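K.L.:
Handing you a structure now.
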Amino acid sequence: MADLVKELISGVVDSVLKEILKKTTGRVSTKRKRRKARPAATTTAVRKTATAKRKPARKQVSKRRTAAGRSRQRRV
C-alpha cells in the first residue's frame, strides 16, 4: 500500500515538474521566413485575382514598437 501511494505521489510530482520546466512559448517563425517558405505558385495565383480591383497603396505610417515587441525582437 505504501509503495502504491509513493508511486502515485512521485508520478504526480514528476508530471508537475515537467509542466513547470517545459518551455512556455513555442518558437514561431518570423513573417519573413513564412513569406520565403511560401511556394511561388500560390502567391502568383492569388495576385492574378487580386489585381482586378486594387485599392491604391496606403501611405506607410511608422509604428512604435511595444515593450513586448522589443522583447520579442531581442529573443529572436
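Bear in mind these aren't lab numbers, they're just calculated from the coordinates by the rules spelled out. Predicted model, so just to flag it, every value in this text is computed and none were measured.
K.L.:
Please give the contour-minus-distance gain from R75 to A57: 0.36 nm per residue of separation, less the Cα-Cα distance, rounded to one decimal in nm. Let's see the in-between values first.
P.N.:
On the way: separation 18, 0.36 × 18 = 6.48 nm, distance 3.24 nm.
3.2 nm is the gain from fully extending R75 to A57.
K.L.:
Starting from 0.36 nm per residue, how many nanometres of slack lie between L17 and T66 once their C-alpha separation is accounted for? Each step should come with its number before you reach the end.
P.N.:
Details: separation 49, 0.36 × 49 = 17.64 nm, distance 3.25 nm.
Value of the extension gain: 14.4 nm.
K.L.:
Would you list, by chain and number, the lysines whose Cα falls below 17 Å from the Cα of K55, excluding same-chain residues fewer than 8 positions away?
P.N.:
Correct list for K55: empty, as no lysines qualify.
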